[in-house]
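Student: Here it is, the structure in full.
The values are calculated or read from the model by the stated rules, or taken from the named source; none is laboratory data. Fair warning: this is a prediction, and the values are worked out from it, not measured in the lab. Note: ideal-geometry Cβ built from the backbone for every residue, glycine included; neighbour counts use all protein chains shown. Heavy atoms of the whole protein, side chains included, go into the accessibility calculation; ligands, DNA and RNA do not. Shrake-Rupley method; radii C 1.70, N 1.55, O 1.52, S 1.80 Å.
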Amino acid sequence: MNKAKKLFIKTYGCQMNVYDSERMAEALGGQGYETTDRADQADMILLNTCHIREKAAEKVYSELGRLKPLKADNPNLKIGVAGCVAQAEGEEIMRRAPVVDLVVGPQSYHRLPQMEDAVRQGQRALDTDFPEEDKFEQLRARPKMARAPSAFLTVQEGCDKFCAFCVVPYTRGAEVSRPADRVLDEARDLVERGVREITLLGQNVNAYHGHEGGLAGLIRDLDRIEGLARIRYTTSHPNDMDDALIAAHGECEKLMPYLHLPVQSGSDRVLKAMNRKHTAQEYLRVIDRVRAARPDIMLSGDFIVGFPGETDQDFEDTLALVEAVEYGQCYSFKYSTRPGTPAAERAQVADDVATDRLRRLQALLGAQQRKIQDSMVGRDVSVLFEKPGRLPGQMSGKSEYLHAVHVHAPMGKAGEMAQVRIVESVTNSLAGVLI
Ligand code: SAH
Ligand code: SF4
Ligand code: F3S
């Protein structure tokens with residue numbers, strides 16, 4: 001038998017890339033590849049890239065520079081670029097980086113096996129099509145190996161919203177939903193392999209329409225899968241939080257009390273300029289309705305500061321919205337100009353102003369996060385054990401609110417769930433004892 005070839009994948013960007021990396025590794029498994037965590041032992045290196053901000057894209061070229069010497073050591077090594085930078089700048093990568101053998105976009109990676117054959121014959125291969133065929137139907141069946149307790153499952157891809165700052169509609173294409181029966185089959189298969197928690201993924205996951213009942217309908221069907229303990233979904237758009245999905249938060253036992261609902265800004269002027277198609281009040285109203293259905297829900301969001309035209313008053317409105325919501329977790333970014341997006345043409349906010357706003361926003365978000373995390377002390381939560389904790393005899397996992405929890409649980413195994421009383425809040429996690 002031939003010795004297995006080694007595949008090293010480095011994943012950047014969002015959870016959808018994490019899922020895609022798994023599927024690409026499986027696709028190349030059919031070509032005789034096993035994954036390795038050592039780039040210097042690989043026969044194929046794939047960078048699964050992110051194009052969302054300028055820095056993310058630049059990282060790809062510097063990483064390619066670092067990988068170059070490996071080719072001198074191993075003439076059989078092939079280097080590929082996948083993901084959103086591949087989609088956006090495929091030809092440019094081929095030109096700028098002769099070290100690259102293969103470029104594949106997020107919608108065409110089911111063609112990796114043929115592309116791998118071509119590069120093994122000494123060709124360079126580029127495929128950034130948005131093919132007619134459904135890549136998930138073309139990919140080989142997922143292998144049956146055991147899995148970690150928590151898994152991602154992509155159910156929706158692409159975006160039709162065209163926020164003025166964002167590259168995703170261009171790199172991922174139009175919104176497409178996978179049929180519910182396929183998603184449910186994949187979920188059952190994951191559960192058979194040891195998965196207890198599934199996070200449904202989509203760039204606009206709550207616009208999912210592969211089930212007649214939308215995302216809520218899919219969640220209700222997943223809720224009935226025996227052995228599955230937890231359901232999450234991300235990322236949502238405020239305008240797609242419909243009544244059925246909000247009701248599911250109150251009624252589906254397995255749907256976890258956590259919602260990532262990005263708003264980007266608290267200023268109606270900026271929201272309009274961003275083409276978000278909702279106001280700050282409308283966003284707050286959605287949050288009120290979700291909280292009415294599930295009072296203990298933990299909220300998380302994304303913010304951009306320094307969007308073109310953002311004034312001091314606009315920024316104050318963002319701070320006011322944050323005060324009103326009280327987030328358990330948040331991601332905040334300085335606006336980054338993305339060529340080809342509408343906002344790139346507009347007058348930019350001075351960098352030092354944006355930097356200062358980011359600092360102030362992060363201080364407020366950090367304080368909120370801290371306060372909510374500290375308020376967990378004394379409360380009972382459920383923890384899904386994922387791996388051994390920091391100290392001997394400890395297990396660590398996530399609470400229903402997605403806090404990392406270290407638990408003294410000498411008999412605990414990954415995949416088990418336990419009721420835990422929180423006794424301490426430390427920097428980035430909680431500590432608890434079994435009850
Ligand atoms: N589909 C998701 C998010 C996609 S990108 C949604 O609609 O919320 C993840 C986050 O990156 C965004 O929510 C936004 O906060 C940030 N982001 C996107 N484009 C950006 C840009 N040009 N500059 C800075 N941050 C950006
Ligand atoms: Fe980007 Fe807006 Fe689509 Fe989210 S909804 S992926 S921010 S265009
Ligand atoms: Fe980045 Fe593409 Fe995800 S740009 S955030 S990897 S959809």
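Student: Does V270 meet the test of being more than 30 Å from E197 (Cβ to Cβ) and touching a residue at least 40 places away in the same chain (Cβ under 8 Å)? Show your work before the answer.
Tutor: Values: more than 30 Å from E197 (Cβ to Cβ): yes; touching a residue at least 40 places away in the same chain (Cβ under 8 Å): yes.
Yes; evaluated as a whole, the condition is true for this residue.
Student: Let me ask something else. If only one of D43, D20 is away from ligand 1 (no atom under 16 Å from the Cβ) and charged (D, E, K, R), which one is it? Outline the logic, then answer.
Tutor: Values: D20 fails: away from ligand 1 (no atom under 16 Å from the Cβ).
Answer to the check: D43.
Student: Might you let me know whether the stretch 62-72 holds any residue that is in a helix (DSSP H, G or I), more than 16 Å from ligand 3 (Cβ to nearest atom), open to solvent by 20 Å² or more (accessible area, probe 1.4 Å) and in contact (Cβ under 8 Å) with a residue 40 or more places away in the chain? Let's see the steps before the verdict.
Tutor: Of the stretch 62-72, the ones in a helix (DSSP H, G or I) are 62-72.
Next cut, more than 16 Å from ligand 3 (Cβ to nearest atom) only: 62, 64-72.
Keeping just the survivors that are open to solvent by 20 Å² or more (accessible area, probe 1.4 Å) gives 62, 65-66, 68-72.
Restricting the remaining residues to those that are in contact (Cβ under 8 Å) with a residue 40 or more places away in the chain gives none.
No.
Student: Can you name the condition, by its number, that C330 falls short on among (1) among the hydrophobic types (A, V, I, L, M, F, W, C); (2) open to solvent by less than 30 Å² (accessible area, probe 1.4 Å); (3) within 18 Å of N275 (Cα to Cα)?
Tutor: (3)
Student: Here is a follow-up. Being farther than 22 Å from D185 by Cα, assigned to a loop (DSSP other than H, G, I, E, B) and charged (D, E, K, R) is the filter here; which residues of the stretch 95-135 pass it?
Tutor: Pass one, the stretch 95-135, residues farther than 22 Å from D185 by Cα: 95-106, 108, 111-132.
Still in the list and also assigned to a loop (DSSP other than H, G, I, E, B): 97-101, 105-106, 108, 121-124, 128-132.
Result: D101, R124, D129, E132.
Student: Would you check if S425 is modelled with pLDDT of 95 or more, within 30 Å of G309 (Cβ to Cβ), touching a helix residue (DSSP H, G or I) at 6+ places or on another chain (Cβ under 7 Å) and surrounded by 14 or more Cβ atoms within 10 Å (Cβ to Cβ)?
Tutor: Values: modelled with pLDDT of 95 or more: yes; within 30 Å of G309 (Cβ to Cβ): no; touching a helix residue (DSSP H, G or I) at 6+ places or on another chain (Cβ under 7 Å): yes; surrounded by 14 or more Cβ atoms within 10 Å (Cβ to Cβ): yes.
Judged against the criteria, S425 is not a match.
Student: Could I ask something else about it? Would you point out the residue of the stretch 194-227, among those that are farther than 13 Å from F152 by Cα and hydrophobic (A, V, I, L, M, F, W, C), that is farthest from ligand 2 (Cβ to nearest atom)?
Tutor: I225
Student: Residues R142, R66, R95, R111: which one is in contact with a strand residue (DSSP E or B) (Cβ under 6 Å, 6 or more places away or on another chain) and either within 25 Å of R338 (Cβ to Cβ) or of a type outside the set (G, A, S) (or both)? Write out each step before concluding.
Tutor: Values: R142 fails: in contact with a strand residue (DSSP E or B) (Cβ under 6 Å, 6 or more places away or on another chain); R66 fails: in contact with a strand residue (DSSP E or B) (Cβ under 6 Å, 6 or more places away or on another chain); R95 fails: in contact with a strand residue (DSSP E or B) (Cβ under 6 Å, 6 or more places away or on another chain).
None of the other options fit; the residue is R111.
Student: With respect to the numbered conditions (1) over 19 Å from Q329 (Cα atoms); (2) open to solvent by 60 Å² or more (accessible area, probe 1.4 Å); (3) of a type outside the set (S, T, Y); (4) out of contact with any Lys or Arg (no Cβ under 8 Å at 6 or more places or on another chain), which one is the sole condition not fulfilled by D380?
Tutor: (4)
Student: Quick one: in the stretch 41-61, which of the residues that are buried (at least 19 other Cβ atoms within 10 Å of the Cβ) and of a type in the set (G, A, S) is nearest to the chain's Cα centre (by Cα)?
Tutor: A57
Student: Residue check, I422 against (1) in a loop (DSSP other than H, G, I, E, B); (2) of a type in the set (A, V, I, L, M); (3) more than 18 Å from A148 (Cβ to Cβ), all met but one. Which one?
Tutor: The one condition I422 does not meet is (1).
Condition check ((1) over 24 Å from the mean Cα position of the chain (by Cα); (2) within 13 Å of ligand 1 (Cβ to nearest atom)) across all residues:
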| residue | (1), (2) |
| --- | --- |
| I297 | no, no |
| S300 | no, yes |
| G306 | no, yes |
| E310 | yes, yes |
| A320 | yes, no |
| S332 | no, yes |
| R346 | yes, yes |
| L358 | no, yes |
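Student: Looking at the stretch 247-265 only, could you name the residues that are open to solvent by less than 10 Å² (accessible area, probe 1.4 Å) and not hydroxyl-bearing (S, T, Y)?
Tutor: A248, H249, C252, L255, P257, L259, L261, P262, V263
Student: Do you know which residues across the stretch 155-173 are more than 11 Å from ligand 3 (Cβ to nearest atom) and within 15 Å of the chain's Cα centre (by Cα)? Outline the logic, then answer.
Tutor: Filtering the stretch 155-173 down to residues more than 11 Å from ligand 3 (Cβ to nearest atom) leaves 155-156, 160-165.
Across the stretch 155-173, the qualifying residues are V155, Q156.
Student: Could you check the stretch 136-193 and list, in sequence order, the residues that are more than 13 Å from ligand 2 (Cβ to nearest atom), open to solvent by less than 30 Å² (accessible area, probe 1.4 Å), in a loop (DSSP other than H, G, I, E, B) and modelled with pLDDT of 95 or more? Give the derivation first.
Tutor: Start the filter on the stretch 136-193 by keeping residues that are more than 13 Å from ligand 2 (Cβ to nearest atom), which leaves 136-155, 176-193.
After this cut, where a residue has to be open to solvent by less than 30 Å² (accessible area, probe 1.4 Å) as well, the list is 136, 139, 142, 149, 151, 153-155, 177-178, 180, 183-184, 186-187, 189-191, 193.
Narrowing the set further to residues that are in a loop (DSSP other than H, G, I, E, B) leaves 139, 142, 149, 155, 178, 193.
Of everything in the stretch 136-193, those that are more than 13 Å from ligand 2 (Cβ to nearest atom), open to solvent by less than 30 Å² (accessible area, probe 1.4 Å), in a loop (DSSP other than H, G, I, E, B) and modelled with pLDDT of 95 or more turn out to be P149, V155, R178, R193.
Student: Taking the condition of a type in the set (S, T, Y), within 22 Å of A82 (Cα to Cα) and more than 16 Å from ligand 1 (Cβ to nearest atom), does T128 pass?
Tutor: Numbers: of a type in the set (S, T, Y): yes; within 22 Å of A82 (Cα to Cα): yes; more than 16 Å from ligand 1 (Cβ to nearest atom): yes.
Criteria met by T128.
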